[in-house]
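Novice: First, the structure itself, so that you have it in front of you.
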Amino acid sequence: MIRLTDVVKTYENGTDALQGISFEIEDGEFVFLVGPSGSGKSTIIKLLTGEVIPTSGRVMVNGFSMSIIAERQIPLVRRTIGTIFQDFRLISSKTVFDNLALAMHAVGASRKEIQSRIPYVLELVGLSGVEQRYPDELSGGEQQRVAIARALVNNPSTIVADEPTGNLDPARSLEIMTLLERINALGATVIVVTHEKGLVDQFDKRVIMIENGAIVGDRVGSYEVKKNEA
Ligand SMILES: Nc1ncnc2c1ncn2[C@@H]1O[C@H](COP(=O)(O)OP(=O)(O)OP(=O)(O)O)[C@@H](O)[C@H]1O
Ligand SMILES: [Mg+2]
């Protein structure tokens, strides 16, 4: 479970990114996080991964309190979370297999586990057989599927995706979102940051709206901001 309570984040340069936000996401939920550029969406994602520490308030992630967590415990939380970014972040000098294997090595998986898990996750994302290809031998949509496979490889309970379709055309974006929906149906909690209202409206999911570091809406379905909420 994820729970933010009265979270304030002021960056070192004085920017108030979050001004006291609270929400809870249950295990197994699918949530869109939407809002204008600079509203604080990526800051929320970084609070969940421990990349950013709250200035005040509490951040609970899968049983860990991120506000008081010791540095050496951060890898333990990160094992419960798979992350996906707009720019894929694959290592271009490594094959697809080695990109995925690296993520498994990092948590101490055995060779045998790596050999059996990688074909499984590639099949899950619809990319069976690309193990020996390099990222630049794949289309953008395929590279993002590899990045999703990498996020899944250590079987995390939670997937966070920050603008995962930002570099893809509408058809590819819909495929990626549908894949994330499927991963959610298999049991993972999924949190997706997106600017793409059209895409959000195609999925009947919970939408949390952020503006100027505050929550201005939290409901299921499309994200029309009503006057009394703005
Ligand atoms: N490391 C940082 N140091 C200082 N200010 C930062 C830092 N990271 C983000 N900010 C500021 O905090 C605010 C929120 O940024 P954040 O990246 O969370 O926005 P966002 O909603 O993800 O925007 P976008 O849609 O453009 O990605 C912005 O004003 C931004 O300039
Ligand atoms: Mg962002």
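Novice: 222 nm [θ] for the chain, helices only, -39500 (n - 2.57) per DSSP H run of 4+, per residue, to 500?
Specialist: -9500 deg cm²/dmol
Novice: Okay, moving on. Counting alpha carbon pairs within less than 8 Å and at least 6 residues apart, what relative contact order, in whole percent, applies to region 1-159?
Specialist: That works out to 21 percent.
Novice: Taking θ = phi - 60°, what integer Hz values does the Karplus form 6.51 cos²θ - 1.76 cosθ + 1.60 yield along region 42-48, in sequence order, with x for Gly and Pro?
Specialist: 5, 4, 4, 4, 5, 5, 6
Novice: Go from 0 up to the bin containing the longest alpha carbon distance in region 107-230, width 10 Å each, and give me the % of pairs per bin.
Specialist: Percent of Cα pairs in each bin: 11, 39, 31, 14, 5, 1.
Novice: If you don't mind, another one. So what are the ³J(HN,Hα) numbers for region 202-210, from phi and the Karplus equation (6.51, -1.76, 1.60; θ = phi - 60°), rounded to whole Hz, Gly and Pro as x?
Specialist: Whole-Hz 3J(HN,Hα) from phi for region 202-210: 7, 10, 8, 10, 5, 10, 9, 9, 10.
Novice: Taking the Cβ of G20 as the center, what net charge do the other residues with Cβ under 11 Å away carry, scoring Lys and Arg +1 and Asp and Glu -1?
Specialist: Net charge in that neighbourhood comes out at -1.
Novice: Another question, if that's okay. With all distinct Cα pairs included, what does the Kirkwood hydrodynamic radius of region 91-155 come out to in Å, to one decimal, could you say?
Specialist: It is 11.4 Å.
Novice: State, in angstrom, two size descriptors of region 1-154 derived from its alpha carbons: Rg to one decimal place and Dmax to the nearest whole number.
Specialist: Spelled out, the Cα radius of gyration and Dmax of region 1-154 are 17.4, 49 Å.
Every number in this text was worked out from the coordinates using simple rules, so none of it is lab data. Since the structure is predicted, the reported quantities are computational estimates derived from the model, not experimental observations. Every residue, glycine as well, gets a Cβ built from its backbone with ideal geometry; the counts of neighbours run over all protein chains shown.
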